[in-house]
1. To make sure I understand, if each residue's beta carbon is the centre and we count other beta carbons within 10 Å, what order do Ile150, Ile185, Ile192 fall in, fewest to most?
2. Just want to confirm a number: the relative contact order over segment 51-192, from Cα pairs under 8 angstrom separated by 6+ residues, in percent.
3. Relative contact order for segment 120-191: what percent, with Cα pairs under 8 Å and sequence separation of 6 or more?
4. Among Gly148, Thr135, Cys161, which residue has its Cα positioned farthest towards the positive end of the charge dipole of segment 120-191, with +1 placed on the Cβ of Lys and Arg, -1 on the Cβ of Asp and Glu, and the dipole taken about the Cα centre?
5. Just subtract the alpha-carbon distance of Lys50 and His147 from 0.36 nm times their residue separation and send over the number in nm, one decimal.
6. Starting from the Cα of Lys87, step 7 Å along the direction of its Cβ; do the same at Tyr121; then give the gap between the two resulting points in nm.
7. Please tell me which of these pairs span more than 30 angstrom C-alpha to C-alpha: Lys120/Lys176; Lys116/Lys145; Lys90/Lys116?
8. So for the pair Thr59, Ser175, with labels modelled 7 Å out along Cα→Cβ, what separation do we get in nm?
Amino acid sequence: MVLVFYLCNMPSGIYKRTKENVENHRKIMIGKHWKVKDSSKMGTILVGKKNGMFGKKHTEESKRKNRESQLGEKSYWFGKNRSEEEKKKKSEKWKGSKNPMWGKKREKCHLWQGGKSFEKYGFDWTDLLKHSIRTRDCFVCQICKKHGWIIHHIDYDKKNCNLNNLITLCNSCHSKTNYNRNYWINYFNKLI
């Protein structure tokens with residue numbers, strides 16, 4: 001990939017892109033490091049048709065080799081540990097007033113409702129009840145009409161397991177209903 005980067009940077013006409021030239025250049029560059037004068041160009045140079053892999057696909061063999069190179073002993077970080085001195089320097093770098101969060105007050109998220117999510121469900125909350133609600137709604141989300149699996153309490157009270165208070169939603173729509181709860185209570189009450 002780096003070789004392609006080098007070839008793409010060469011002015012047109014100076015370097016013929018033949019297989020023989022590429023192989024010769026590869027032999028010359030073994031063990032040498034590539035240097036880029038302008039690192040801002042690095043990201044854009046290999047984009048699109050300039051990329052050597054443009055329009056091609058990796059073979060299963062090359063995919064397997066890539067996966068194996070990231071695992072175990074072949075991994076760059078395998079067996080490497082920071083020395084105690086390095087660890088100490090890193091911890092000193094973030095201590096006290098050097099820490100970017102120093103002196104800043106950490107506030108709770110604006111959606112925090114005093115631990116409401118930790119409340120326990122009512123005694124009636126059973127798998128049979130949940131399944132009956134899903135079958136009543138034909139396993140369809142009542143907002144987007146796609147496949148739904150999650151049972152939602154319309155009034156957001158976990159202990160209220162009345163059949164008129166429960167509705168089937170998909171995961172995406174269920175996460176939407178946690179914002180602007182008054183709107184969703186009115187919306188679902190109009191559906192029923």
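Read-outs: derived from the displayed coordinates by stated rules, not from any lab. Values in this document were obtained by computation on a predicted structure and should not be read as measured data. Glycine also receives a Cβ, built like all others from the backbone with ideal geometry; neighbour counts cover every protein chain displayed.
1. Going from least to most buried by this count: Ile192, Ile185, Ile150.
2. In percent, rounded to a whole number, it is 15.
3. 31 percent
4. Going by the Cα projections, it comes out as Gly148.
5. Numbers: separation 97, 0.36 × 97 = 34.92 nm, distance 4.30 nm.
30.6 nm is the gain from fully extending Lys50 to His147.
6. 4.4 nm
7. Lys90/Lys116, as the Cα separations exceed 30 Å there.
8. If labels sit at Thr59 and Ser175, their model points lie 4.0 nm apart.
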